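The next block holds one structure in the form of structure tokens; read it before the comments.
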Amino acid sequence: MTSTATTATTATRTALVTGASRGIGRAIALRLAADGVRVAVHYANNEAAARETVDAITAAGGSAFPIQAELGVPGDAEALWKAFDAQADGVDIIVNNAGIAGPGRIHEVDEDAYDRVFAVNAKAPFFILKHGLDRLRDGGRIVNISSGVTKVAFPDMTAYAASKGAVEVLTLTLAQTLGHRGITVNAVSPGTIETDIHPWMADPAAKAHAASFSVFDRVGQPDDVADVVAFLASEQARWITGQNIDASGGSGLGL
């Protein structure tokens, strides 16, 4: 495929959302589908969860299909786009959401753990976008999910924070690179979001502590982030690019 693809002439746009089988990615997929977007629901290993996301979209009258590709391994981007190409011809929205946490202070992070975090969180989005640009139609949207840990020092997530910092710089660079095609490139930085990857929130005291970071005194929900992504993916956000939108509920404003 070539970069000569033009803006979609039909009302239906197509989106790729990585890590869309659960959590924030699932909420983004559902939200985009509610806006009439056909969604490629990417997953790494949990096919059942991806099918649940697709089924939820189709039950609501939307359109979606699952694609599988493990990220953070050689050839991951090529495998992802091969699976995508089997079911769609071109893309209008790319949301790089998939990521892993990789906790630990610098003296606790070994090279294998560091390489794994960067392979999934920074390298995979880079090459997904590299190989996706000849499929992304002019006037398209790229949204990269970053994190609030790039805004304040968070020593317990050193490698993770560094990987998300790389994503933010990539966002800025690509906004400049792709502007001539009418493509916007933005990042969204959530704070603490209540998903199944945070089982510690089952402890009321721990959840209350997390809620205290936000000026609204609650933890974020996946829909809080999905709505921001949907806006950036819309025509209404056509004049916004190269930005990192804080979606943390005002976390850390008093620091």
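The values are calculated or read from the model by the stated rules, or taken from the named source; none is laboratory data. Just so it is clear, the structure is predicted and the values come from calculations on it, not from any experiment. Glycine also receives a Cβ, built like all others from the backbone with ideal geometry; neighbour counts cover every protein chain displayed.
Annotation note: Cβ proximity below 6 Å between a residue of the range 236-255 that is over 23 Å from Thr173 (Cβ atoms) and free of Cβ contacts under 8 Å to residues at least 60 places away in the same chain and a residue that is polar (S, T, N, Q) and outside any strand (DSSP E or B) (sequence gap 6+ or interchain) occurs for Gly249/Ser214; Gly250/Ser214. Scanning the range 199-219 finds one or more residues that are modelled with pLDDT under 90, in a loop (DSSP other than H, G, I, E, B), more than 14 Å from the chain's Cα centre (by Cα) and surrounded by 17 or more Cβ atoms within 10 Å (Cβ to Cβ). If you check Gly249 against the conditions, is it surrounded by fewer than 19 Cβ atoms within 10 Å (Cβ to Cβ), in a loop (DSSP other than H, G, I, E, B) and at positive phi? No: the conditions fail for Gly249. In the condition set (1) farther than 20 Å from Ala15 by Cα; (2) at pLDDT 95 or above; (3) surrounded by fewer than 16 Cβ atoms within 10 Å (Cβ to Cβ), Glu235 is compliant with all but (1).
With over 21 Å from Asn96 (Cβ atoms) and small (Gly, Ala, Ser) as the only criterion, which of Gly220, Gly242, Gly252 stands out?
Gly252
Among the residues making up the range 100-123, those that are outside any strand (DSSP E or B) and either of a type in the set (S, T, N, Q) or at positive phi (or both) are Gly102, Asn121. Can you pull out the residues in the range 101-146 that are in contact with a Phe, Trp or Tyr (Cβ under 8 Å, 6 or more places away or on another chain) and at pLDDT 95 or above? The answer is Val117, Asn121, Ile128, His131, Gly132, Arg135.
Of the residues in the range 149-157, not one is of a type outside the set (D, E, K, R), closer than 20 Å to Gly19 by Cα and either at pLDDT 95 or above or in a loop (DSSP other than H, G, I, E, B) (or both). The set of residues in the range 65-99 that are of a type in the set (A, V, I, L, M, F, W, C), part of a loop (DSSP other than H, G, I, E, B) and touching a residue at least 60 places away in the same chain (Cβ under 8 Å) comprises Ala88, Ala98. The single condition from (1) under 19 Å from the mean Cα position of the chain (by Cα); (2) not in a strand (DSSP E or B) that Ser189 fails is (2).
Asn121 passes every criterion in (1) crowded, with 19+ Cβ neighbours inside 10 Å; (2) touching a Lys or Arg at 6+ places or on another chain (Cβ under 8 Å); (3) under 27 Å from Gly182 (Cβ atoms) apart from (3).
Taking each residue of the range 133-160 that is without any contact (Cβ under 8 Å) to a residue 24 or more places away in the chain and closer than 15 Å to Phe213 by Cβ and looking for partners that are outside any strand (DSSP E or B) and charged (D, E, K, R) with beta-carbon atoms closer than 9 Å, six or more apart or interchain, yields Val149/Lys164. Within the range 30-64, the residues that satisfy the criterion of being part of a helix (DSSP H, G or I) and surrounded by 20 or more Cβ atoms within 10 Å (Cβ to Cβ) are Leu30, Arg31, Leu32, Ala33, Ala50, Thr53, Val54, Ile57. Does Val143 count as touching a Leu at 6+ places or on another chain (Cβ under 9 Å), under 21 Å from Phe84 (Cβ atoms) and of a type in the set (A, V, I, L, M, F, W, C)? Here the answer is yes, as Val143 does meet what is asked.
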